[in-house]
Amino acid sequence: MSSSFLNYNGKLYPADKLLISPNNRSFRYGDGFFETIKMMNGKILLRSLHFERLFSSLETLQFDKPKLFTADMLEQQITELAVKNKHTLLGRVRLMVFRGDGGLYDTEDNHPNYLIQTWEMSAANNKLNENGLMVDIFPDARKACDKYSAVKNNNYLGYVMAALWAKKYKLNDALVLNSNDRIADATIANVFIIKDGIIKTPALTEGCVAGVTRRYILQCLRKESIPVEEAAITLEDIADASEIFLTNAAYGMRWVASCGKNNYIQKATSLLYQKFIEPLYKGH
């Protein structure tokens, strides 16, 4: 069932209603950020991690924080919209925050505007993929490693072009490099590799988005004393890895069967999925 309503600054509108001004700074400059959230049985998965990242991004991008702009308020409005659209059983939520109108040097204010959308999700998203993903290294863009690279921001050009490239070559995803020609992340996911019995993922200083599921997996691994490193991951590491998996809020974890000419097994990834992702879903 497609989404029939959206929430714009606290009010419900038909999903196809035009709401954004031509002078909107997010439309003009990508001035803002967003959260992709999974809802199951009316509850937001990893709620605290999502809202912690949201308010961290709000501060990093120098938005004002109105007193009424709280996690509880946003959760209530997300839930009301999901109920209205009949997406509470299993749904994907996109919460976008952006500055209002203005030119590059003359923004009207730093008040956070927001737009909430919901979509129904397939139950297949709650299972580890049977067929491994086919991915490759996107050659045409490099992601910066700076103060803003960890923000899930509204300027998505590098990822958009990587996704178009992946589709052109019949791939399931593409890995994006940073300015040092090391792995940053994938178009819509964080990257983990398993090499010599150690799980590794690019450090935030390597330019990856600070993924909520990435953070959850790292917390779980450390709690269980499973060897894990946030590190620099080179193309050689990708070639030498025994397993690769991707994480995001929508599907949790997916295993990668190949990256270019390199092939990977699926052994530890399945165990990690059973240990950390399945309980997350069963808890809701």
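Please specify each residue of segment 232-275 satisfying the condition of being of a type in the set (Gly, Ala, Ser), assigned to a helix (DSSP H, G or I) and touching an Asp or Glu at 6+ places or on another chain (Cβ under 9 Å). Within segment 232-275, just ALA268 meets the criteria.
Report yes if CYS208 is modelled with pLDDT of 95 or more and assigned to a loop (DSSP other than H, G, I, E, B), otherwise no. Here the answer is yes, as CYS208 does meet what is asked.
In summary, THR70 fulfils each of the numbered conditions (1) touching a helix residue (DSSP H, G or I) at 6+ places or on another chain (Cβ under 9 Å); (2) in contact (Cβ under 8 Å) with a residue 12 or more places away in the chain with the single exception of condition (2). When VAL135 is tested against (1) open to solvent by less than 50 Å² (accessible area, probe 1.4 Å); (2) farther than 24 Å from PHE192 by Cα; (3) touching an Asp or Glu at 6+ places or on another chain (Cβ under 6 Å); (4) not charged (D, E, K, R), only condition (2) is not met. Taken over segment 13-71, the residue count meeting the criterion of being modelled with pLDDT under 95 and assigned to a helix (DSSP H, G or I) is 5. Determine whether GLN117 is in a loop (DSSP other than H, G, I, E, B) and at pLDDT 95 or above. For GLN117, the condition - in a loop (DSSP other than H, G, I, E, B) and at pLDDT 95 or above - is not met. Suppose we keep only residues that are open to solvent by 60 Å² or more (accessible area, probe 1.4 Å), out of contact with any strand residue (DSSP E or B) (no Cβ under 8 Å at 6 or more places or on another chain) and not small (Gly, Ala, Ser) within segment 244-284. Which one would you say is nearest to LEU221 (Cα to Cα)? Here the residue is LYS275.
Answer yes or no: is there a residue in segment 34-47 that is free of Cβ contacts under 8 Å to residues at least 40 places away in the same chain and not charged (D, E, K, R). No: zero hits. Say whether the condition of being in contact with a Leu (Cβ under 9 Å, 6 or more places away or on another chain), within 30 Å of GLU75 (Cβ to Cβ), part of a strand (DSSP E or B) and open to solvent by less than 50 Å² (accessible area, probe 1.4 Å) is met by at least one residue in segment 192-202. Yes, that holds for at least one residue. Evaluation of LYS84 against the conditions (1) touching a residue at least 60 places away in the same chain (Cβ under 8 Å); (2) closer than 30 Å to LYS282 by Cα; (3) assigned to a loop (DSSP other than H, G, I, E, B); (4) open to solvent by 10 Å² or more (accessible area, probe 1.4 Å) shows that the sole unmet condition is (3).
Among the residues making up segment 87-110, those that are in contact (Cβ under 8 Å) with a residue 60 or more places away in the chain and either among the basic types (Lys, Arg) or closer than 13 Å to LEU54 by Cβ (or both) are ARG92, ARG94, LEU95, MET96, VAL97, PHE98, ARG99. Among the residues that make up segment 147-156, is at least one of them over 19 Å from the mean Cα position of the chain (by Cα) and in contact (Cβ under 8 Å) with a residue 60 or more places away in the chain? No, segment 147-156 contains no residue that is over 19 Å from the mean Cα position of the chain (by Cα) and in contact (Cβ under 8 Å) with a residue 60 or more places away in the chain.
The values are calculated or read from the model by the stated rules, or taken from the named source; none is laboratory data. Remember, it's a predicted structure, so these values are computed and weren't measured experimentally. Every residue, glycine among them, receives a Cβ derived from its backbone with ideal geometry; neighbour counts consider all protein chains shown. Surface areas here come from the heavy atoms of the whole protein model, side chains and all, with no ligands, DNA or RNA. Shrake-Rupley method; radii C 1.70, N 1.55, O 1.52, S 1.80 Å.
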